[in-house]
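K.L.:
Sharing a structure, written as structure tokens. Questions coming.
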Amino acid sequence: MRYLIIALLFYSTHGTAQLMGGALVDEGRKLLTPTDFSIVSNKTGVLYFELAVDLNGNVTSERLMLEKTTITSTPTRVKAKEYVSTLKFEPGTYYPKFHKVVVKITVGPTAAITTKKNL
């Protein structure tokens, strides 16, 4: 039982490590999708997206934050946009209609990223 609690604590802190800010983070809304916020590619860098999340916890829009993003490859940007659009957050009628959050996606070769999400 103790190991289960430790594992849950580890995964819950790791799962929100790349939620960089926004009202969604400030109000403690949880991410339900298990993810590592990384994509395997021959390019190396980061992408920042501002997401809008509805009352059901679904991502309704994604905006690439060009001023912070270091990836210029259009195919990699498209794959990252598809990736963040599948994220699911905690539902609740007491949240705003469109909750905002900034998400950081790390892109790099397999040696730099521990899990494999192929492009």
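A short reminder: the numbers here are calculations on the coordinates, not readings from a lab. Quantities reported herein were computed from a predicted structural model and do not represent experimental measurements. Backbone-built Cβ (ideal geometry, glycine too); neighbour counts: all protein chains shown.
K.L.:
Go through the stretch 31-68 and name the trypsin sites (Lys or Arg not before Pro) that are in a DSSP coil and have 14 or fewer other Cβ atoms within 10 Å of their Cβ.
P.N.:
Numbers: sites: LYS43, ARG63, LYS68; in loops: LYS43, LYS68.
Filter output for the stretch 31-68: LYS68.
K.L.:
A follow-up question, please. Just to be sure I understand the model, the point goes 7 Å from the Cα along the line to the Cβ. What's the resulting VAL78 to GLU90 distance in nm?
P.N.:
It is 3.6 nm.
K.L.:
So what's the net charge close to GLU90: Lys and Arg +1, Asp and Glu -1, counting the other residues with Cβ under 9 Å from its Cβ? Write down the numbers at each step before the final one.
P.N.:
Values: positive: ARG29, LYS30, LYS88; negative: none.
Surrounding charge for GLU90 is +3.
K.L.:
Determine, for THR35, THR86, the number of other Cβ atoms within 10 Å of each Cβ, and report the residues in order from fewest to most. Mind dumping the intermediate values first?
P.N.:
Working: THR35 19, THR86 10.
With the sparsest Cβ surroundings first, the list reads THR86, THR35.
K.L.:
From Cα pairs below 8 angstrom and at least 6 apart in sequence, can you work out the relative contact order of the stretch 2-108, rounded to a whole percent? Write out the running numbers ahead of the final one.
P.N.:
On the way: 190 pairs, mean separation 44.0, N = 107.
Normalised by residue count, the contact order of the stretch 2-108 is 41 percent.
K.L.:
Further, regarding this structure: Considering only DSSP states other than H, G, I, E and B, which GluC sites (Glu not before Pro) in the stretch 14-83 qualify as loop sites with at most 14 other Cβ atoms within 10 Å?
P.N.:
Working: sites: GLU27, GLU50, GLU62, GLU67, GLU82; in loops: GLU27, GLU67.
In loop regions of the stretch 14-83 (DSSP not H, G, I, E or B), the sparsely surrounded GluC sites (Glu not before Pro) are GLU27, GLU67.
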